Protein chains: 2
Amino acid sequence: MNKIDGFSKLNKQEKINWLASQVVSSENNSFGFERFWHEDEQEQKIFDDFSENTISNFYFPYGISPNYSINGKMYTVPMVIEESSVVAAASLSAKFWLKRGGFHAKVISTTKKGQVHFSWQGEKEKLFNFFSVNKSELLCSVNDLVANMENRGGGIRDITLIDKTNMLDHYYQLDVKFDTCDAMGANFINSVLERLGQSLKQSAFQYAPFIDVEKEIEVIMCILSNYTPECLVKTYVECPIEDLGDFSGHMSAKDFAARFERAVKIAKIDVNRAVTHNKGIFNGIDAVILATGNDFRAIEACGHAFAAKDGHYRGLSSCSIKNGLFRFELSIPLALGTVGGLTKLHPLAKASLEILDNPDAKELMKIVATVGLAQNFGAIKSLVTTGIQKGHMKMHLLNILNQLSATAAQIEHAKIVFEDKVVSFSAVREEIKKVQLLH
Amino acid sequence: MNKIDGFSKLNKQEKINWLASQVVSSENNSFGFERFWHEDEQEQKIFDDFSENTISNFYFPYGISPNYSINGKMYTVPMVIEESSVVAAASLSAKFWLKRGGFHAKVISTTKKGQVHFSWQGEKEKLFNFFSVNKSELLCSVNDLVANMENRGGGIRDITLIDKTNMLDHYYQLDVKFDTCDAMGANFINSVLERLGQSLKQSAFQYAPFIDVEKEIEVIMCILSNYTPECLVKTYVECPIEDLGDFSGHMSAKDFAARFERAVKIAKIDVNRAVTHNKGIFNGIDAVILATGNDFRAIEACGHAFAAKDGHYRGLSSCSIKNGLFRFELSIPLALGTVGGLTKLHPLAKASLEILDNPDAKELMKIVATVGLAQNFGAIKSLVTTGIQKGHMKMHLLNILNQLSATAAQIEHAKIVFEDKVVSFSAVREEIKKVQLLH
């Protein structure tokens, strides 16, 4: 591999050719990137322009998970995920709870935030006075930027000066709360914050009570926060224990509920389990985030930081058994958008939102959290009953058999052989070979 | 939307037909899922079988980021990401550091873990005695499962009994350390743990010193942990401050370094900034994780929990300025695989690994961490110099213009108009309309 100047200026085919000149592919020096292009050049261009230096499309399976009842309304949820068993587990949970009252979801709050991070030296009290005097002027300076959002019912909700000098010398923040309605709002928030940063500098420069050094506010950066604990949604399921039914291995509803509750408690106290527990929740959440054109890095970063908010990283869901009622619940921050970004630009993101009956951001928060809880229920149910390997191995085996282009007869044979054996690529290949030699 | 029984048993076309019967699409009741199928039915089947209830492929832009020097070796890195500016920023950083010694990366350790979580009532000391006596027998019980992995140089590294009863009544763990070589190893670890759970129950049942109640170990669950702080890699860049060069707005290298260091410090102490700072790191990391067929939910969950390991959620990267040297560093846990899972099954994941010169898992850890650091450098560089909105808005504008099928002349016009205006879908559409009316 060599270095290259001006790579971004090459066209798509030139980029592919350069790559081919640098790497010998196992498939005769052609990686087949063109095989994954959309046949319609105009439509392909939409995907090419989402990002930079694009040469192909990476396919992710687009699947469908039906039978969610959320607050009495039925949903069929599109999920984009490459991991096997996730869509199956979530769908089973949805159906399980459909017969037991469905999911109940509620948006607690939708506040988003951003900060102007700045350094300032001087008498603290004077800075706070300056802020009081200039607060409305600061807000006026972004009038043109917020006008549209205000027309839609959103805008800036509050702006506060925060003294952070106990943590870092001369460090202060303008902390700004936003309501961005149905937009995720990153561009809006960042534009407003950058303007506020400029206005803050200017106002300080002109503020008479400040001595020279105090007039110099050094704005380090202006940026939205992906930490949105006040953009919060709650979802839960609940039923009498006896309605849970029986489980495999002669496990009674009561035993199942007790084991399930204990598994959730373990995730609350043990970081090793908590991380995997929450990873499972995000298996469900991210699949809907991806399918609807939202940004999973933002959702992940926020959710996991939220899981550590009390100083210990903990499982995000909770389970209780009280007065004979089994209840399983998830409260999670989700800053989502149903307008803007990729939501309408990506044709399948647009289709996903239509399948979900074009929800607003709040409704989408409820749906996404619910799929996370459904997925978590499915995973824990497997873990405390049959174990997860049984289902996983079945899917894994099929993937490998596909890759080996196994015949229908070979597939049936392999299913029997690997019923109680550990599935690995080499083991399956050996088994297929053995069978071929026999015939 | 209605509920449905037996959805998973419908074939792909039937699934699509059912959806169409339930939802009125804006495009005449057809979502166009078929438009995104691969033309080769056999190749499409591979993607369909990764997950369940699949009906189409969700396209993600597959882009190329060149010019990384890691420990003196050149890499061109494939990135899969739908967010604009990420590939561009990472590539700029790679090139910036190429002229300044490149990236230096080192794998610290590669230990992965899993636990058998169980409940037990009795005299603690007796349980620990039981474990000492039966430890080698437990290990023997998984001999057949670990044989292959041991041949490749991996296997079980340690197995410990942990008393967790101070956190939850009667709660203990078997904590098992693994080396899974170049595999991510989830299936391997889970299979071993489920077997260990069975063996543990059996051994306890047969252990003579136990009284009846002590013979009953209740295994709650057996599962790998995605928390792998001991599967750790470090990467850094370093150069004399004066070599950093000049920055826009007449910012000197020294001022830039100071502002950069302060921005990184802020991410260490303020959770609002830390979450967004780390989100940026994962923009780079996840793009390579996706491109190489690894599991981003596992990587995200682990990385963010690691960011909170000392009780405060902090930025993952560090910056220091000492003796005239600017140094920027990232230490992050990354449990990756270059064999197994989707790595060879997904044709573009396979191509990605070939472009990266078929790295082993350790080499891939270095590459992935480096792209995370490069992305973080690019983001902070923008934030402390021009602000991030300038670049973002340019990309956003182009996306919108594409969607509106703007002509070349309209695109040029819009670029000028929106040079200093906030870009939004409605504003751009209005502007295009206005121009059309004028002509």
Most fluctuating of B:60, B:103, B:418 in the GNM of chain B (C-alpha, under 10 Å) is B:418
Give the shape of region B:199-327 as rounded, prolate or oblate, defined through the alpha-carbon gyration tensor: a ≥ b ≥ c are the square roots of its eigenvalues, a/c under 1.5 means rounded, and otherwise the shape is prolate if a/b is larger than b/c and oblate if not.
prolate
Once all protein chains are kept in place, residue A:395 shows an accessible area at probe 1.4 Å, nearest 10 Å², of 30 Å²
Distances in nm from residue A:216 to the matching label points in the other copies, shortest first (labels 7 Å along Cα to Cβ)
7.5
At 1.4 Å probe size, with no ligands or nucleic acids counted, give the accessible surface of residue A:407 in Å², nearest ten.
70 Å²
What spacing in nm lies between the two simple spin-label points modelled at residue A:213 and residue B:426, each 7 Å away from Cα in the Cβ direction?
4.8 nm
Protein-only accessible surface order, largest first, of A:429, B:314 at 1.4 Å:
A:429, B:314
Given 0.36 nm per residue, what is the gain on full extension from residue B:151 to residue B:252 after removing their alpha carbon distance, in nm?
30.8 nm
For chain B, which whole percent of the accessible surface, found with a 1.4 angstrom probe, sits on carbon and sulfur atoms?
50 percent
Once you list every other residue whose beta carbon is under 13 Å from the beta carbon of residue B:300, what net charge do they have if Lys and Arg are +1 and Asp and Glu are -1?
-1
For chain A, with +1 on Lys and Arg beta carbons and -1 on Asp and Glu, the positive-most of A:105, A:382, A:396 along the dipole
A:382
Partner chain coverage, peptide A:185-198 - average Cβ within 10 angstrom
3
Determine Rg/Rh for chain B; Rg is computed over alpha-carbon atoms and Rh is the Kirkwood hydrodynamic estimate from the same atoms.
1.05
As a test of the definition: with a 1.4 Å probe, what buried accessible area, both sides summed, do you compute for A against B, in Å² to the nearest 100?
12600 Å²
Farthest toward positive dipole pole in the protein assembly as shown [+1 Lys/Arg, -1 Asp/Glu at C-beta], among A:352, B:24, B:287:
B:287
Surrounding net charge for residue A:54, when Lys and Arg each add one and Asp and Glu each subtract one, Cβ distance under 9 Å
-1
Could you give the length gained by full extension between residue A:10 and residue A:136, i.e. 0.36 nm per residue of separation minus their alpha carbon distance, to one decimal place?
40.4 nm
What is the average number of partner chain Cβ atoms found within 10 Å of a Cβ in A:38-45?
2
The size of the Cβ-based charge dipole (Lys, Arg +1; Asp, Glu -1) of chain A about the Cα centre, to the nearest 20 debye, is 1440 debye
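Using 0.36 nm per residue, how much length does the chain from residue B:166 to residue B:30 gain when fully extended, once their Cα-Cα distance is taken away?
On the way: separation 136, 0.36 × 136 = 48.96 nm, distance 5.81 nm.
My answer for the length gained is 43.1 nm.
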Rounded to the nearest 0.05, FRET efficiency between residue B:269 and residue A:390 (Cβ-Cβ, R0 51 Å) equals 0.65
Computed ³J(HN,Hα) along region B:149-158: with the Karplus parameters 6.51/-1.76/1.60, θ = phi - 60°, integer Hz and x for glycine or proline, the list is 5, 5, 4, 8, x, x, x, 7, 9, 6
Could you sort out which of A:95/A:394; A:215/B:254; A:394/B:15; B:279/B:381; A:124/B:390; A:322/A:390 sit more than 25 Å apart by Cα distance in this structure?
A:124/B:390; A:322/A:390
Residue-wise HN-Hα coupling along region A:107-123, computed from phi with Karplus coefficients 6.51, -1.76, 1.60 (Hz; x: Gly, Pro):
7, 7, 6, 10, 6, 10, 9, x, 9, 9, 8, 9, 10, 8, 10, x, 7
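Take every DSSP beta bridge whose two residues both sit in chain A, then give the antiparallel share in percent to the nearest 5. Working shown, then result.
On the way: 52 of 54 bridges.
Here the antiparallel bridges make up roughly 95 percent for chain A.
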Cut-off 10 angstrom, C-alpha nodes, Gaussian network model of chain B. Which of B:85, B:203, B:424 fluctuates the most?
B:424
Rounded, prolate or oblate: which one fits region A:232-306, using the alpha carbon gyration tensor with axes a ≥ b ≥ c (rounded when a/c is under 1.5, else prolate when a/b beats b/c, else oblate)?
prolate
With every protein chain left in place, what is the accessible area per residue of the protein assembly as shown in square angstrom, probe 1.4 Å?
39 Å²
Would you mind computing, in nm to one decimal, how far apart the modelled labels at residue A:322 and residue B:125 are, each placed 7 Å from Cα along Cα→Cβ?
4.1 nm
For region B:112-225, just say rounded, prolate or oblate: build the C-alpha gyration tensor, square-root its eigenvalues into a ≥ b ≥ c, call rounded for a/c under 1.5, and beyond that prolate if a/b exceeds b/c, oblate if not.
prolate
Inverse mean reciprocal Cα-Cα distance (Kirkwood Rh) of the protein assembly as shown, Å:
28.5 Å
May I ask for the net charge around residue A:168, where only other residues with Cβ less than 10 Å from the Cβ of residue A:168 are counted and Lys, Arg are +1 while Asp, Glu are -1?
+2
3J(HN,Hα) from dihedral phi, region A:338-348, Karplus parametrisation 6.51/-1.76/1.60, rounded to Hz, x for glycine, proline
10, 10, x, x, 8, 4, 9, 7, 7, x, 7
at residue B:429 the sorted inter-copy label distances (label 7 Å from Cα on Cβ side), in nanometres, are 5.3
Once the label point is placed 7 Å from Cα along Cβ, list for residue B:230 the distances to the corresponding points in the other copies, in nm, shortest first.
4.2
Evaluate the distance, in nm, between pseudo-label points positioned 7 Å from the Cα of residue B:433 and of residue B:230 along their respective Cα→Cβ axes.
6.4 nm
Which parts of region B:84-103 would a label at residue B:357 reach, counting a residue when its backbone N lies under 14 Å from a point 7 Å out along Cα-to-Cβ?
B:103
Taking A:37, B:120 and ranking on accessible area (1.4 Å, protein atoms only), highest first, one gets A:37, B:120
Hey, in the GNM for chain B with a 10 angstrom Cα cutoff, which one of B:330, B:139, B:193 fluctuates hardest?
B:139
Heavy atoms only, probe 1.4 angstrom, no DNA, RNA or ligands counted: give me B:207, B:62, B:236 ranked by accessible area, highest first.
B:236, B:207, B:62
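The values are calculated or read from the model by the stated rules, or taken from the named source; none is laboratory data. Just so we're clear, the structure is a prediction, and the values are computed from it rather than from any experiment. Note: ideal-geometry Cβ built from the backbone for every residue, glycine included; neighbour counts use all protein chains shown. For the accessible areas, the whole protein counts, side chains as well, though only heavy atoms, and no ligand, DNA or RNA atoms are used. Shrake-Rupley method; radii C 1.70, N 1.55, O 1.52, S 1.80 Å.
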